[in-house]
Amino acid sequence: MTLWYLARAAGLIAFLAATGSVVLGALASTGHRADDRSRDRRVLRQLAHRSAAVVTVAMLGLHVVLVVTDSFVDLSVPGALVPFTAGYRGFALGLGTLAAYSLAAVAVSGAARGRLAASARSARHWRALHASAYVVWLLSLGHGILAGTDTGRWWTWVLYAGCAAAVAGALVARLVVADRHESTSPLAAARRQLTTGGVR
Amino acid sequence: MRIEVDWTRCDGHGLCARLLPEKVGLDEWGFPVIDTPEIGDDLVPHARRAVGACPALALRLVPG
Ligand code: SF4
């Protein structure tokens, strides 16, 4: 039974850390003011984003190992590895399996950022790949709500709603900043001309 | 090692100057000014950090 408690706790912490990482990642590209303090804050957000991502991966690993080894729910290794084949809450666990795989892709892309995004072209692909972190987060939210045995208690709703508001807010802030930057920076305009011949 | 800026990508975010102040200054618009691009061994870890922090992926550390 202890393992089961730990498994749930690890899952929840992984979700919280994922939320933190997504929020900080989105906010890392905001704050374009040209003074040293906002530059330093940006560097710090970036660092915190990467640290939260490491915690997410570690906690997810723990969560998976504990859920499989624990005997309270009967989950086999193949059931955990192949999406939607788990006997217990198959759909909900499938979401979790998919989230874990896509998180692995996002985490690897993040760790290999310098190598994968060496040219301007590959940088665009890198951004698209890394932005699938938002999908990972949605999958894990679905997984948490549908598979979590705590779902329904008041504090889980507070937690999920708070996390969803944080991610939505950070995403909006990021899009607003990117839009403003694209439309006001002469450099961005010039580059658009150069790289796409003026077509967006 | 040498540090290079890809000017087609640099957006003048200026983060590199905060992480590698020994080598990178900023002009009045926030774009990096690098007088001597050669990076000594003692500065390589800092240079890598600056390369990893550049939001536009415009910084590079190249051998030589
Ligand atoms: S961090 Fe990158 S984008 Fe910002 S000024 Fe330095 S090289 Fe340019």
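Residue-level analysis places A:Leu187 outside the set of residues that are at pLDDT 95 or above, part of a helix (DSSP H, G or I) and surrounded by 15 or more Cβ atoms within 10 Å (Cβ to Cβ). Of the conditions (1) surrounded by fewer than 18 Cβ atoms within 10 Å (Cβ to Cβ); (2) hydrophobic (A, V, I, L, M, F, W, C); (3) in contact (Cβ under 8 Å) with a residue 24 or more places away in the chain, A:Val167 fails just one. Which one is it? Here A:Val167 clears every test but (1).
Which residues, counting only those in the range A:6-16, are closer than 19 Å to A:Trp157 by Cα and either aliphatic (A, V, I, L, M) or loosely packed, with under 14 Cβ neighbours inside 10 Å (or both)? Within the range A:6-16, A:Ala9, A:Ala10, A:Leu12, A:Ile13, A:Ala14, A:Leu16 qualify.
For the range A:17-128, please list each of the helices (runs of 4 or more DSSP H) lying entirely inside it that holds at least 2 residues being more than 14 Å from chain B (Cβ to nearest Cβ) and surrounded by 14 or more Cβ atoms within 10 Å (Cβ to Cβ).
On the way: elements: A:36-69, A:77-81, A:90-111, A:113-116.
In the range A:17-128, A:36-69, A:77-81, A:90-111 are the helices (runs of 4 or more DSSP H) which contain 2 or more residues that are more than 14 Å from chain B (Cβ to nearest Cβ) and surrounded by 14 or more Cβ atoms within 10 Å (Cβ to Cβ).
In the range A:1-25, the residues that are within 27 Å of A:Arg45 (Cβ to Cβ) reach residues that are of a type in the set (Phe, Trp, Tyr) and buried (at least 18 other Cβ atoms within 10 Å of the Cβ) with C-beta atoms within less than 6 angstrom, at least six apart or across chains, in these pairs: A:Ala18/A:Trp137; A:Val22/A:Trp137.
The values are calculated or read from the model by the stated rules, or taken from the named source; none is laboratory data. As the structure is a prediction and not an experimental result, all values here were calculated from the model. In this analysis, Cβ positions are derived from the backbone assuming ideal geometry, glycine residues included, and neighbour counts consider all displayed protein chains.
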